[in-house]
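Every number here is computed from the coordinates shown, using simple stated rules; none is lab data. Because the structure is predicted, anything quoted here is derived from the model rather than measured. Positions of Cβ are backbone-derived with ideal geometry, glycine not excepted, and every protein chain shown enters the neighbour counts.
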Amino acid sequence: MAVGFRSRLTGLAGLRRDEVGAGLLIPRCSSVHTFGMRFALDVFFVDGEGEVMAVCREVRPCRFVSDRRAAAVLEIPSGRGESFPEPRD
């Protein structure tokens, strides 16, 4: 979980895919960048109740994605988030 300024700013950037573990949850967040990433991410935008609202799959390095409605963002290496729920209607 990214709680401090530095961990929120850098996220998973600079890490190898095998170093990230299960991924990274960023609370109080509605947008992420993939600058400095070495691999693509699946990005899950989550509401205040923890429900997935939107998913951006295979977000490649040097991109920016957002959903203004999100209360948190979950970053997972692309392909590892396939078992996560799809966004609700």
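Applying the selection to the range 47-78, what residues are assigned to a strand (DSSP E or B) and either aliphatic (A, V, I, L, M) or out of contact with any strand residue (DSSP E or B) (no Cβ under 8 Å at 6 or more places or on another chain) (or both)? Of everything in the range 47-78, those that are assigned to a strand (DSSP E or B) and either aliphatic (A, V, I, L, M) or out of contact with any strand residue (DSSP E or B) (no Cβ under 8 Å at 6 or more places or on another chain) (or both) turn out to be Val52, Met53, Ala54, Val55, Val59, Val65, Ala72, Val73, Leu74, Ile76.
Could you please let me know if Ala2 is crowded, with 17+ Cβ neighbours inside 10 Å, in contact (Cβ under 8 Å) with a residue 12 or more places away in the chain and among the small types (Gly, Ala, Ser)? Talk me through it step by step, then tell me what you get.
Values: crowded, with 17+ Cβ neighbours inside 10 Å: yes; in contact (Cβ under 8 Å) with a residue 12 or more places away in the chain: yes; among the small types (Gly, Ala, Ser): yes.
So Ala2 passes the test.
Being without any contact (Cβ under 8 Å) to a residue 12 or more places away in the chain and surrounded by fewer than 17 Cβ atoms within 10 Å (Cβ to Cβ) is a property that does not hold for Glu86.
Which members of the range 7-54 meet the condition of being acidic (Asp, Glu), surrounded by 14 or more Cβ atoms within 10 Å (Cβ to Cβ) and more than 14 Å from Ala70 (Cβ to Cβ)?
So the first thing to find is which residues in the range 7-54 are acidic (Asp, Glu), and the list is 18-19, 42, 47, 49, 51.
Right, trim to surrounded by 14 or more Cβ atoms within 10 Å (Cβ to Cβ) and you get 42, 47.
Correct list: Asp42 only.
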